[in-house]
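Taking it in order: structure first as structure tokens, then the write-up.
The values are calculated or read from the model by the stated rules, or taken from the named source; none is laboratory data. Here the structure is a predicted model, which is why all the values come from computation and not from measurement. Note that each Cβ is placed from the backbone with ideal geometry, even for glycine, and that neighbours are counted across all protein chains shown. Surface areas here come from the heavy atoms of the whole protein model, side chains and all, with no ligands, DNA or RNA. Shrake-Rupley method; radii C 1.70, N 1.55, O 1.52, S 1.80 Å.
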Amino acid sequence: MDKINLKKLEELNNQYVINVAEEAIQLCKPEKVTVITDSKEDINYVRELALTTCEEKKLKMEGHTIHFDGYYDQGRDKAHTKYLLSKDVDWGLGVNSIEKEKGLKEIFSYLDGSMTGKEMLVRFFSLGPTNSTFSLKALQITDSAYVAHSEDLLYRPGYEEFKRLAGSNDFFFFLHSAGRLENGVSADIDKRRIYIDLKENRVYSVNNQYAGNSLGLKKLAFRLAINKAQKEGWLAEHMFIMGVHGLGSRVTYFTGAYPSACGKTSTAMIPGQTVVGDDIAYLKKIDGVIRVVNMESGIFGIIHSVNSENDPVIYQALTTPGEVIFSNVLINNGAPYWEGMKKDIPDKGINFSGEWFEGKKDSQGKEIPCSHKNARYTLRLNELNNIDSKANDPDGVPVKAIFYGGRDSDTTIPIVESLTWAHGVFLGATVESETTAATLGVRGVRKYNPMANLDFISVPLGTYIENHLKFTKDLKVIPKIYATNYFLKDDAGEYLNGKMDKRVWLLWAEGRVYEEYEAIETPVGLIPKYEDLKTLFIRELGKDYTEAEYLQQFSLRVTKYLEKMERMSKIFENVKMPAAFTEELKSQIERLKKAKSKFKKDVISPFEFLDT
Ligand code: SPV
Ligand code: MN
């Protein structure tokens, strides 16, 4: 490290920072080390470096670049993401772990010399708004300028925050190397490893570039944060945060947890509302109120099907000048194209498979689409015209309602309000969802996904759920909880709801916060009345919502629900869960059985519950 860079490190007055940086240098053996502060020049340096290293290329539109991840590096690698633990830990979740000494030895052998001939970047970030009691600090060391640049769009600068640490080692540390590159992408994918050390608050990641694997600050910091939150009595959740704009000038803040690629970003981006965050939220109790901040300040969003109708705000940002990194889309003549953009797509260009032409097949004879299903865009939230005015408030925003949802084609109804907080926690804890392209592996398989957080929960499941159950203790205002399902299909496999219908669900839930709508009590919770939805569909979407549609969407598939409860009972049979959760599961089953024997039907109309 030269004197100028060493001075930048020394100015932090933090020996632990210097120690971990020195260890990383000795291990990875970079040719050059550059410390990045919060200054404009330093941040610009990273942006330019990503072009010099060819990890990004300029596109025609001002500020736009393209980055490609390797063909086999297009999603989170769950199989090779492991906790460094002692052998006999059981979280009740089938935790993917490796014995610490063995894991460190393995990953150090891959990191050893991984930066030879390359430049190491040392960056500091704030997870959450600066100057905030919510926020955590993070040190990222990487040889990928794309990673460092992405983090610059997605997180708040933290060099000055580190000065405030006054020498403490209370920060997360991430060491990443993209490893050997071929044509600008990680070449040794078979040696891709992501190992998490919860005790030391550190993560090592090697031989990868896809952001979910490489960016320490995204899902890796999230796993560390969940563990820290359980110890400190707050919540770190896989949630959007948004302002729902109700009657008059009323703004009501909602959070919502959805598995990857299941409508989290698109809910937060619903027209007419304002966005605070789309992926990761930190929730704390302050003066008897749950308040929340977005630990990020940008979006790493799925681009598939983003078009001027479905997602007008994002589409606008993607088609006008401004800083945007596109990844794994098709490039033709300096312009990006992706599936579902509702524009003519050229029949050739460069995509995540290299030179691409329509009809190109992979090694298994399967046609390669123009853009990967998990292709993404990265941009700062302040590029969007719907950013909420409190998005960077160090005190966060107050939470009035929480949404949970999964991708479920045949069982759960579009929206239901929980009977109580504990029932709401139960609804969140029993989310099931069909797998998507956000992770490597088979798609469309129904999987249990508590709080849409299965991939990231870094404590025993029972502890995690307990922490939710007791979160309302001493609260002045208890948020309402809703379970939603945007993916219900009819027998012919057609979706029963349009993409914008969630606007109606949001506004109904917002009205319920102020008791503006009555609800029908069913065995699974409180559901909307037909007349209220009819009014809302006309008002919000200019759409005539028929009684037949309501009946098809909101009839209780009681037999299917009972099958789901059987699956849940089986899952929880071997997991140590809090008594209050087990009680909820038991009561839910009893209520469903009672309704089934009373109405003697597999599917019960919501009108049947009107006078019960
Ligand atoms: C997700 O998959 O939930 C994402 C993108 O938000 S990733 O960075 O891959 O986690
Ligand atoms: Mn996510």
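Data overview
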{"read-out": "Qualifying positions in the stretch 212-233 - away from ligand 1 (no atom under 12 Å from the Cβ), open to solvent by 10 Å² or more (accessible area, probe 1.4 Å) and not acidic (Asp, Glu)", "value": "Asn227, Lys228, Gln230, Lys231, Gly233"}
{"read-out": "Scope the stretch 439-449; condition within 15 Å of ligand 2 (Cβ to nearest atom) and either in contact with a helix residue (DSSP H, G or I) (Cβ under 7 Å, 6 or more places away or on another chain) or among the hydroxyl-bearing types (Ser, Thr, Tyr) (or both); matching residues", "value": "Thr439"}
{"read-out": "Residue in the stretch 287-297 that is on the phi > 0 side of the Ramachandran plot and either within 16 Å of ligand 1 (Cβ to nearest atom) or not acidic (Asp, Glu) (or both) present", "value": "yes"}
{"read-out": "Search result, residues across the stretch 498-512 that are touching a Pro at 6+ places or on another chain (Cβ under 9 Å) and surrounded by fewer than 19 Cβ atoms within 10 Å (Cβ to Cβ)", "value": "Met500"}
{"read-out": "Near pairs, Cβ below 6 angstrom, 6+ apart or cross-chain, from the stretch 73-92 (in contact (Cβ under 8 Å) with a residue 24 or more places away in the chain and polar (S, T, N, Q)) to any residue that is outside any loop (DSSP other than H, G, I, E, B) and more than 11 Å from ligand 1 (Cβ to nearest atom)", "value": "Thr81/Ile194"}
{"read-out": "Subset of the stretch 370-408 (residues that are open to solvent by 40 Å² or more (accessible area, probe 1.4 Å) and more than 27 Å from Ile290 (Cα to Cα))", "value": "Lys373, Glu383, Arg407"}
{"read-out": "Close pairs from the stretch 428-444: first over 13 Å from Ser409 (Cβ atoms), partner assigned to a helix (DSSP H, G or I) and within 12 Å of ligand 1 (Cβ to nearest atom), Cβ under 9 Å, at least 6 apart", "value": "Gly428/Ala452; Val431/Ala452; Ala438/Gly212; Thr439/Gly212"}
{"read-out": "Failed item in (1) away from ligand 2 (no atom under 16 Å from the Cβ); (2) open to solvent by less than 10 Å² (accessible area, probe 1.4 Å); (3) not in a helix (DSSP H, G or I), with Glu161 passing the rest", "value": "(3)"}
{"read-out": "Flag for Val206 being away from ligand 2 (no atom under 16 Å from the Cβ) and surrounded by 19 or more Cβ atoms within 10 Å (Cβ to Cβ)", "value": "yes"}
{"read-out": "In the stretch 306-322, the residues that are open to solvent by 30 Å² or more (accessible area, probe 1.4 Å) and assigned to a loop (DSSP other than H, G, I, E, B)", "value": "Ser308, Glu309, Asn310, Thr319, Thr320, Pro321"}
{"read-out": "Residue that is farthest from ligand 2 (Cβ to nearest atom), among those in the stretch 428-438 that are part of a loop (DSSP other than H, G, I, E, B), open to solvent by less than 30 Å² (accessible area, probe 1.4 Å) and closer than 24 Å to Gln74 by Cα", "value": "Ala437"}
{"read-out": "Asn332 being at pLDDT 95 or above, more than 16 Å from ligand 2 (Cβ to nearest atom) and farther than 21 Å from Arg223 by Cα", "value": "yes"}
{"read-out": "Any chance Gly70 is touching a Pro at 6+ places or on another chain (Cβ under 6 Å) and in contact (Cβ under 8 Å) with a residue 40 or more places away in the chain", "value": "no"}
{"read-out": "Yes/no for Val524 being in contact with a Phe, Trp or Tyr (Cβ under 7 Å, 6 or more places away or on another chain), touching a residue at least 24 places away in the same chain (Cβ under 8 Å) and of a type in the set (A, V, I, L, M)", "value": "yes"}
{"read-out": "Qualifying positions in the stretch 224-264 - among the charged types (D, E, K, R), away from ligand 2 (no atom under 12 Å from the Cβ) and over 19 Å from Arg512 (Cβ atoms)", "value": "Lys228, Lys231, Glu232"}
{"read-out": "Count of the stretch 517-561 residues which are in a helix (DSSP H, G or I), open to solvent by 30 Å² or more (accessible area, probe 1.4 Å) and under 16 Å from Ser605 (Cα atoms)", "value": "8"}
{"read-out": "Any hit, the stretch 548-559, residues being in contact with a Phe, Trp or Tyr (Cβ under 6 Å, 6 or more places away or on another chain) and closer than 23 Å to Leu526 by Cβ", "value": "yes"}
{"read-out": "Leu181 being crowded, with 24+ Cβ neighbours inside 10 Å and among the aliphatic types (A, V, I, L, M)", "value": "no"}
{"read-out": "Candidates Lys78, Lys137 - the one that is part of a loop (DSSP other than H, G, I, E, B) and basic (Lys, Arg)", "value": "Lys78"}
{"read-out": "Residue satisfying all of: in the stretch 245-272; touching a Ser or Thr at 6+ places or on another chain (Cβ under 9 Å) and part of a loop (DSSP other than H, G, I, E, B); farthest from ligand 1 (Cβ to nearest atom) among these", "value": "Gly246"}
{"read-out": "Residue count, the stretch 409-427 (criterion: crowded, with 23+ Cβ neighbours inside 10 Å and either within 21 Å of Arg291 (Cβ to Cβ) or at pLDDT below 95 (or both))", "value": "2"}
{"read-out": "Every residue from the stretch 73-105 that is of a type in the set (Ser, Thr, Tyr) and in contact with a Phe, Trp or Tyr (Cβ under 9 Å, 6 or more places away or on another chain)", "value": "Thr81, Tyr83, Ser97"}
{"read-out": "Subset tally (residues that are in a loop (DSSP other than H, G, I, E, B) and either polar (S, T, N, Q) or touching a residue at least 60 places away in the same chain (Cβ under 8 Å) (or both)) for the stretch 364-414", "value": "29"}
{"read-out": "Qualifying residue in the stretch 100-108 (condition: part of a strand (DSSP E or B) and either surrounded by fewer than 24 Cβ atoms within 10 Å (Cβ to Cβ) or within 23 Å of the chain's Cα centre (by Cα) (or both))", "value": "no"}
{"read-out": "Looking only at the stretch 36-89, and only at residues there that are open to solvent by 40 Å² or more (accessible area, probe 1.4 Å) and aromatic (Phe, Trp, Tyr), the one that is nearest to Val329 (Cα to Cα)", "value": "Phe68"}
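Okay, residues lined up against (1) more than 19 Å from the chain's Cα centre (by Cα); (2) among the basic types (Lys, Arg):
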{"position": "Lys218", "(1), (2)": "no, yes"}
{"position": "Ile226", "(1), (2)": "no, no"}
{"position": "His238", "(1), (2)": "no, no"}
{"position": "Val251", "(1), (2)": "yes, no"}
{"position": "Phe254", "(1), (2)": "no, no"}
